[in-house]
Amino acid sequence: MELPVIVDITYDKVNFTETPLEVGEYENCTFVSCDLSNANLAGIKFLDCTFTGCNLSLAKLKDTAFRDITFKDCKMLGLRFDECNKFGLAFSVDNCTLNHVSFFEVKLKKMIFKNSQLQEADFTGCDLTSAVFDSCDLTRAIFDNTLLEKTDLHTAYNYSIDPEKNRLKKTRFSLSGIAGLLDKYDIDIDLNA
């Protein structure tokens, strides 16, 4: 069955919890201040779309495609990106709240997270090669068997990464962030000495 293709449409302040978004392919569409919380986005394809000031918390993402998407100023709590369509998965995040999200075994090469909260995000088995975490809060984020080669964490904070359980090579950290690599040893580091 052919999915309907919706092109160049702007959705402004639409409450998709009352009127569900039609399953289809959305290309070059803009979503502004829309409520997609708890929405069923299963099987929907988003291509070159922008989400600004939207609430996508707890949306169902089974086989949802996000290709070249920009999320700005969005609330995205509890999302399961590990259930998305993995083909061509690519998006950038700026000033968003992504607490309690799952990126379990997702490839996020060259992904850009900027000025965002990723508290308790699960990056287990994730490929974050050359990803950038610019001024991001990674409190209690899970990094286990995560590929962090050439990943830029030099302005990220509150992370705890075990170098023995993750692949780090040419990974960029700040001097103050080095403490997050030694958490498991329960030692005190005086960065002012």
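The values are calculated or read from the model by the stated rules, or taken from the named source; none is laboratory data. If you're wondering where the values come from, they're calculated on a predicted model, not measured in any experiment. A quick note on method: Cβ atoms are made from the backbone with ideal geometry, for glycine too, and the neighbour counts reach across all protein chains shown. Note: accessible area is taken over every heavy atom of the protein model, side chains too, but ligands, DNA and RNA are not part of it. Shrake-Rupley method; radii C 1.70, N 1.55, O 1.52, S 1.80 Å.
Observations on the model:
- The number of residues in region 34-89 that are open to solvent by 50 Å² or more (accessible area, probe 1.4 Å) and in contact (Cβ under 8 Å) with a residue 40 or more places away in the chain comes to 1.
- Condition met for residue 104 (modelled with pLDDT under 95, open to solvent by 70 Å² or more (accessible area, probe 1.4 Å) and either aromatic (Phe, Trp, Tyr) or not in a loop (DSSP other than H, G, I, E, B) (or both)): no
- Condition met for residue 94 (buried (at least 18 other Cβ atoms within 10 Å of the Cβ) and of a type in the set (Asp, Glu)): no
- Selection from region 116-166 of residues that are over 19 Å from residue 179 (Cα atoms), aliphatic (A, V, I, L, M) and more than 15 Å from the chain's Cα centre (by Cα): 147
- Scan region 112-130 for residues that are open to solvent by 10 Å² or more (accessible area, probe 1.4 Å), over 17 Å from residue 75 (Cα atoms) and not in a strand (DSSP E or B) and the total you get is 4.
- Strands (runs of 3 or more DSSP E) (entirely within region 1-95) containing at least 3 residues that are not charged (D, E, K, R): 5-7, 30-32, 50-52, 65-72, 90-94
- Residues that are part of a loop (DSSP other than H, G, I, E, B), crowded, with 16+ Cβ neighbours inside 10 Å and not basic (Lys, Arg), drawn from region 131-153: 131, 136, 138, 141, 143, 146, 148, 149, 151, 153
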